[in-house]
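Okay, so here's the structure we're looking at.
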There are 2 protein chains.
Amino acid sequence: MAPPQTAFRHTDFAIGSFCERKRKVVRECTLLYQLQVLKDTGRYDAFKLEWHPSYDDKPDHWPVPNHLFWDSDVAKWIEGACYYLQEQSNPEIQSAVEELVSMIKAAQQEDGYLNIHFTVVAPKQRFTNLRDLHELYNAGHLIEGALAHHHFFQNNEFLDVVVRYVDLLCQTFGPGEHQKHGYPGHPEIELALIRLYEVTKDTKHLKLAQYFIEERGNPRGVDGRHYYSVEAEQRNEREHERPAYYPFVRSYWYQQAHQPILEQDTVEGHSVRAMYLLTAVAALQEFVPKQEYRSALERLWTNMTSKKMYLTGGIGAIKQWEGFGGDYFLPLGTDDGGCYSETCAAIGVMMMAERMLQVDLDSKYADIMELCLFNSVLTGMSCDGKAFTYVNQLASSDKDLSKREEWFTCACCPPNVTRTLGMLGGYFWTFHEDEKKSSAAVNVHLYGSATLKFQVGAHEVVLTQRSDWPWDGEVEFTLQSDQVKTGVNLRIPGWASNWTVEPAPEAKPVKGYLHLSPEWLSKNSTFRLRVPFSHRLLRPHPFSNQNVVALARGPIVYCVEDVDNQWVKDHFKSLLFDNEAQIKAENVTDDETKEEYVRLVATGKFRNVQASESCASFDVAISDGVNKLVYVPYYYRANRNGRGQMRVGLYNGI
Amino acid sequence: MAPPQTAFRHTDFAIGSFCERKRKVVRECTLLYQLQVLKDTGRYDAFKLEWHPSYDDKPDHWPVPNHLFWDSDVAKWIEGACYYLQEQSNPEIQSAVEELVSMIKAAQQEDGYLNIHFTVVAPKQRFTNLRDLHELYNAGHLIEGALAHHHFFQNNEFLDVVVRYVDLLCQTFGPGEHQKHGYPGHPEIELALIRLYEVTKDTKHLKLAQYFIEERGNPRGVDGRHYYSVEAEQRNEREHERPAYYPFVRSYWYQQAHQPILEQDTVEGHSVRAMYLLTAVAALQEFVPKQEYRSALERLWTNMTSKKMYLTGGIGAIKQWEGFGGDYFLPLGTDDGGCYSETCAAIGVMMMAERMLQVDLDSKYADIMELCLFNSVLTGMSCDGKAFTYVNQLASSDKDLSKREEWFTCACCPPNVTRTLGMLGGYFWTFHEDEKKSSAAVNVHLYGSATLKFQVGAHEVVLTQRSDWPWDGEVEFTLQSDQVKTGVNLRIPGWASNWTVEPAPEAKPVKGYLHLSPEWLSKNSTFRLRVPFSHRLLRPHPFSNQNVVALARGPIVYCVEDVDNQWVKDHFKSLLFDNEAQIKAENVTDDETKEEYVRLVATGKFRNVQASESCASFDVAISDGVNKLVYVPYYYRANRNGRGQMRVGLYNGI
């Protein structure tokens, strides 16, 4: 078989289905809303390379200028816009993309260099602070934007620009004596270069990605010393001058640069950077397979999902470095010791999972991918597509309410949701064809209502799934592949207590995927997967010291909000879950948000824990509480003008 | 009544009693051991003001040179030595004290200045970094050493030296135009100056203490700006150069200097500094009573004991700043998210409690003072008096075993235990006499076997208590005060589920103290307090997310150690406590350590929690465990050559 192909350009979502409704909001509302924000904040015109008053602002997080990511904000919007333009034309969006690309083109320097900050604000400081200043991160997003542009416009107008820039990067970075032995503080360009290579087939693009990955964390990269230390000295930085996000001097683990990736045993530091880096390593596997990289990927994935992941799929407990705490350190919110769970980080987990599934078809990756999508990622955008979250705590507090913002100074998350939904089909399934172009296989990772269509030689394969997922677990499949022997691998969710396929095949799942052979499918071109949905009680790992219980149903994790439980005053912190509670699922359509969802209504005795506060040891008393609790999907929180009180896990008894 | 007097010079501990055995170890072993260490490490000769090779060492915690505390190490040893010399002569110790004092005297500069580092290593940098460099902290310990010296030798040889130094400080610091508006980064001199004032009656000593306390945290101390910010600029420090212990720039809360003390609502930062500062504020109350200071003291005490104190009495959850985390952030050990609980900080809690009891006779202070003494303080020294702890976690981990060290680079804790036990009588009780010198009152805070003797006019009052506390709760008192009408206030421990006094008085306890009137005592000069000791289950506050249960008996908190429970492999982390366990107290005398103590043997089903690690949510299984658990007092841990596995709180069920 040839390498699997991500399927996002081959997928049509069914109108009115859950995922398509989310995508429609982005297509019809968020893109234009974000375009307006780009204009209002100065980002839209920034590639004109004129001075913007905000360039004088003191950085919120020294030494990172607040405008440093503007290139990427624009590039990610272009990328997302091109995905949606492919589906539905929109002259306003299309002409904005065209204007932006012409400005980007004009902003490129004679030698190919392309960056707003280092052209307008600090022109003599190119490549002098790879550790902190996101220069190559921006380059990565420009590449990804150009790839999307290339696909939609079917021209090289933007692609040529980034290829010229990459030429400069290929000259600048590498193992050569006169090259810089550096690598980006924020990974992103690595995976972008691999995606670029998939289009250009120019091996130097792949090699630069590989160089960045393999040189990273080399403790003797320059004259026997770490690249970042040498670079800092050359900037005349003092030893104890520390970026805001470094708790200690030389906290290179923040950038996953404390060791070569092969030697890392635990996933550390900034969680988005970690995910982008590991996604690139997984992508590199397809072209440069190495067992030791695969071992590192599996080791770090396992460390993350078993010891450093929230039950919403979120990652990152520590605000200061927007990243991982120690093993099992997973407090639900600020009041409990911290929780970050950045939207982009959950997107990063999906990206890594999607690539890992291509290395190793194991449902443990797809289970987490689904968990992230329906919970920690979708919670990042409001129902109307115009408000966003950056941090996704599992419990609110007076200090950090559960609420959404219109935009952020560091605006990575909003356009990241946009482009993720834009390529959502790529997460749903992958397909292969054999080298003789006579047979094919489809791996179905996620469920919903969508159609996958692809060519094998002269013939078309069409696989359709119809369901009310994530609210109902019955999925009807239809396969049309008369001329092509096609097999299908169906993911059986790890959280499913039971399931059936009808008609019943003989096969058993292997690593969580049920193989339906071409022979079986030729007799059963229509078949059903039935996964009964009922609520489940979720408890964090005991070592996480979170003595709480949460509710889930299907792929959806639930929370309680003050909108439905108006008596709450303390963010549900002292509320004791009743393990005997009766829990009923109810279909709801909200008048205002128009959201259709299943809520859970729990009936029981939910009492309040009260502890005397006189001494270092405590007496606990329990007082009367309430008899009814209404749970809504976590992704749906902060959509209904509440007071920002929310909690996923309730206290689980004493 | 006149102000209460601390009683440490009026107390004799009974030979063979628990506290006296601990004090004997210090008197006969620790003092000489520590003297040898002072000599071996260069501290002893440091006041000769010669260069020591270690002065070239790179600081372990920038910008604090490792040798910066040497003055205080010597001063604290002198202080402790003088307390014990008062009880028992020792020519070797006495001549060492004399030699040290003569070296200190010779080290004093012409203008009165006295500091090793700023004379030998950085002579031009006097008073240029109050924030970080412990100059005034050292001065404080020199004062306290000189006061102890003055009392024992009954001369002013050392006292005159420190008074000259304080003269210089009084000129240097204050509100005057040409004075520095600064205050020490590490409080200590404030309480030392108040103690000095108690001897000299020189109001400028009191006033300097008050100035340091009241100026502290003034956001507009110098030209409308914070003193530490101006001082840093004058040193040419860059904005983002951060001391190792600052998580962020200008983390002045580390030094409790983020706000004036009156405005502080929660106890923050470095826990030893916080306690020394608040002890000084409480001491200042006696001479400059102010309701707003009393309110701040009560507010911060309550915040600390109800939300930031471990059930051993330890404080400080965060290693980086050796101090407090957020409210209820109290993980048991490194593996759970961090625990510090420095020995000196627990001593600081005792110091604050002792002063608070003089402001307000409330057993809530004495309960915590007792908790600290028998647990988080005494655990700081081994049975043989030659090994120490600095950090006192409530659970060990592979990274931080439960073990003792012979010494520390920053050696604050070992001599602090020495001097605390030296003045232990001062924590046991306080006494007052009326102004006519005809009546008296004794407040009994702690129990043991000791005699308090003091003069009221020409007459002597003698109060004796005899008990086997902390192992047994029966205390026999005898009062001899024929000529002096004497009342006694007995603390009734807050943890006591019941208690009796025999013969039964009519009085009821007020704020935890039972008042026995002179009239009642004249008829009942011998009486008994009986507090039945049985084990108690302690649980941390539910909001601390420590779903554990610990055992206590009387004032002693227990732990499990691998020495007694040899099967342990994971620091008891996965062991599930059996709430139905039978618990039996057993008297033990250990052959090797010679320690006599009560251990608790728990019989029941102690099972192991096992959690599957495949996903962000977990299935918990429970496997067979053990039927017997042996608990020993927490203070006794790490005395018997174990593997360093220890835990106070066991997992409390799922």
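Residues of the stretch A:150-203 being among the small types (Gly, Ala, Ser) and free of Cβ contacts under 8 Å to residues at least 40 places away in the same chain, which ones?
If the condition is that a residue be among the small types (Gly, Ala, Ser) and free of Cβ contacts under 8 Å to residues at least 40 places away in the same chain, then A:174, A:176 are the ones that fit.
With the structure loaded, tell me whether residue B:497 is hydroxyl-bearing (Ser, Thr, Tyr), farther than 30 Å from residue A:548 by Cβ, assigned to a loop (DSSP other than H, G, I, E, B) and free of Cβ contacts under 8 Å to residues at least 60 places away in the same chain or whether it fails that test.
The answer is yes for residue B:497.
Return the residue satisfying two criteria in turn: it lies in the stretch B:1-53 and is among the basic types (Lys, Arg) and buried (at least 18 other Cβ atoms within 10 Å of the Cβ), and of such residues it is farthest from residue B:428 (Cα to Cα).
Restricting to residues being among the basic types (Lys, Arg) and buried (at least 18 other Cβ atoms within 10 Å of the Cβ), the top hit is B:43.
Would you pick out the residues in the stretch A:234-273 that are touching a Ser or Thr at 6+ places or on another chain (Cβ under 9 Å), buried (at least 20 other Cβ atoms within 10 Å of the Cβ) and either more than 14 Å from residue A:185 (Cα to Cα) or among the polar types (S, T, N, Q) (or both)?
Once the filter is applied, which keeps residues that are touching a Ser or Thr at 6+ places or on another chain (Cβ under 9 Å), buried (at least 20 other Cβ atoms within 10 Å of the Cβ) and either more than 14 Å from residue A:185 (Cα to Cα) or among the polar types (S, T, N, Q) (or both), the stretch A:234-273 yields A:242, A:271.
Find the residue count for the stretch A:289-310, including only residues that are at pLDDT below 95 and among the aliphatic types (A, V, I, L, M).
The number of residues fulfilling the criteria is 0.
Please find, among A:421, A:452, A:446, A:463, the residue that is assigned to a strand (DSSP E or B), in contact with a helix residue (DSSP H, G or I) (Cβ under 6 Å, 6 or more places away or on another chain) and closer than 30 Å to residue A:595 by Cβ.
Of A:421, A:452, A:446, A:463, the one residue that is assigned to a strand (DSSP E or B), in contact with a helix residue (DSSP H, G or I) (Cβ under 6 Å, 6 or more places away or on another chain) and closer than 30 Å to residue A:595 by Cβ is A:452.
Among (1) at pLDDT below 95; (2) closer than 16 Å to residue B:275 by Cβ; (3) of a type outside the set (Asp, Glu), where does residue B:409 come up short?
For residue B:409, the failing item is (2).
May I ask you to list the residues in the stretch B:347-364 that are within 11 Å of chain A (Cβ to nearest Cβ) and either assigned to a loop (DSSP other than H, G, I, E, B) or not polar (S, T, N, Q) (or both)?
Result: B:349, B:362, B:364.
How about the stretch A:115-147: which of its residues are of a type in the set (Phe, Trp, Tyr) and surrounded by fewer than 23 Cβ atoms within 10 Å (Cβ to Cβ)? Let's see the steps before the verdict.
Kept after step one, since they are of a type in the set (Phe, Trp, Tyr), are these residues of the stretch A:115-147: A:118, A:127, A:137.
Those that are of a type in the set (Phe, Trp, Tyr) and surrounded by fewer than 23 Cβ atoms within 10 Å (Cβ to Cβ): A:118, A:127.
On the given criteria, is residue B:342 touching a residue at least 40 places away in the same chain (Cβ under 8 Å), of a type outside the set (A, V, I, L, M), away from every other protein chain (no Cβ under 13 Å) and more than 30 Å from residue B:514 (Cα to Cα)? It would help to see each step written out before you state the result.
Details: touching a residue at least 40 places away in the same chain (Cβ under 8 Å): yes; of a type outside the set (A, V, I, L, M): yes; away from every other protein chain (no Cβ under 13 Å): yes; more than 30 Å from residue B:514 (Cα to Cα): yes.
Yes.
Would you confirm, using the coordinates I've provided, whether residue B:33 is closer than 22 Å to residue B:96 by Cβ and assigned to a loop (DSSP other than H, G, I, E, B)?
no
Looking only at residues that are of a type in the set (Ser, Thr, Tyr) and within 14 Å of chain B (Cβ to nearest Cβ) in the stretch A:221-251, which one is nearest to the chain's Cα centre (by Cα)? Even if it seems obvious, please write down each step before you answer.
Step one: list which residues in the stretch A:221-251 are of a type in the set (Ser, Thr, Tyr), which gives A:227-229, A:245-246, A:251.
Now narrow it down to the ones that are within 14 Å of chain B (Cβ to nearest Cβ): A:245-246, A:251.
Working: A:245: 21, A:246: 24, A:251: 24 Å.
Ranking the candidates gives A:245 first.
Report whether or not residue B:453 is over 18 Å from the mean Cα position of the chain (by Cα) and at positive phi. Spell out how you get there, then give the answer.
Values: over 18 Å from the mean Cα position of the chain (by Cα): yes; at positive phi: no.
For residue B:453, the condition - over 18 Å from the mean Cα position of the chain (by Cα) and at positive phi - is not met.
(1) under 16 Å from residue B:429 (Cα atoms); (2) surrounded by fewer than 20 Cβ atoms within 10 Å (Cβ to Cβ): which one isn't true of residue B:498, the others all being true?
For residue B:498, the failing item is (1).
Inspect all residues belonging to the stretch A:339-347 and state whether any of them is farther than 28 Å from residue A:284 by Cβ and crowded, with 24+ Cβ neighbours inside 10 Å.
Yes, because at least one residue in the stretch A:339-347 is farther than 28 Å from residue A:284 by Cβ and crowded, with 24+ Cβ neighbours inside 10 Å.
Checking residue A:225 against (1) free of Cβ contacts under 8 Å to residues at least 40 places away in the same chain; (2) within 30 Å of residue A:5 (Cβ to Cβ); (3) among the charged types (D, E, K, R), which single condition isn't satisfied?
Among (1) free of Cβ contacts under 8 Å to residues at least 40 places away in the same chain; (2) within 30 Å of residue A:5 (Cβ to Cβ); (3) among the charged types (D, E, K, R), the lone unmet condition for residue A:225 is (2).
Go through (1) surrounded by 17 or more Cβ atoms within 10 Å (Cβ to Cβ); (2) at pLDDT below 95; (3) more than 22 Å from residue B:333 (Cα to Cα); (4) of a type outside the set (S, T, N, Q) for residue B:611 and report which single condition fails.
Status for residue B:611: all satisfied but (3).
Assess whether residue B:330 counts as being within 11 Å of chain A (Cβ to nearest Cβ), surrounded by 24 or more Cβ atoms within 10 Å (Cβ to Cβ) and in a loop (DSSP other than H, G, I, E, B).
Taking the combined requirement at face value, the residue satisfies it.
Restricting attention to the stretch B:99-114, report how many residues are surrounded by 14 or more Cβ atoms within 10 Å (Cβ to Cβ) and either in contact (Cβ under 8 Å) with a residue 12 or more places away in the chain or under 26 Å from residue B:8 (Cβ atoms) (or both).
Number of matching residues: 10.
Residue check, residue B:469 against (1) closer than 27 Å to residue B:599 by Cα; (2) away from every other protein chain (no Cβ under 14 Å); (3) modelled with pLDDT under 95, all met but one. Which one?
Among (1) closer than 27 Å to residue B:599 by Cα; (2) away from every other protein chain (no Cβ under 14 Å); (3) modelled with pLDDT under 95, the lone unmet condition for residue B:469 is (3).
Go through the stretch A:213-233 and report how many residues are surrounded by fewer than 16 Cβ atoms within 10 Å (Cβ to Cβ) and over 23 Å from residue A:262 (Cα atoms).
The qualifying residues number 1.
What residue, among those in the stretch B:285-308 that are surrounded by 18 or more Cβ atoms within 10 Å (Cβ to Cβ) and in contact with a Leu (Cβ under 8 Å, 6 or more places away or on another chain), is nearest to the other protein chains (Cβ to nearest Cβ)?
Checking each candidate, the answer is B:308.
Look at residue A:279 and say whether it is more than 14 Å from chain B (Cβ to nearest Cβ) and crowded, with 21+ Cβ neighbours inside 10 Å.
Answer is yes for this residue.
From the list A:56, A:71, which residue is surrounded by fewer than 18 Cβ atoms within 10 Å (Cβ to Cβ) and either on the phi < 0 side of the Ramachandran plot or at pLDDT 95 or above (or both)?
After applying the criteria, what remains is A:56.
The values are calculated or read from the model by the stated rules, or taken from the named source; none is laboratory data. Remember, predicted model here, so these are calculated numbers, not experimental data. For neighbour counting, all protein chains shown are included, and Cβ atoms are generated from backbone atoms with ideal geometry for every residue, glycine included.
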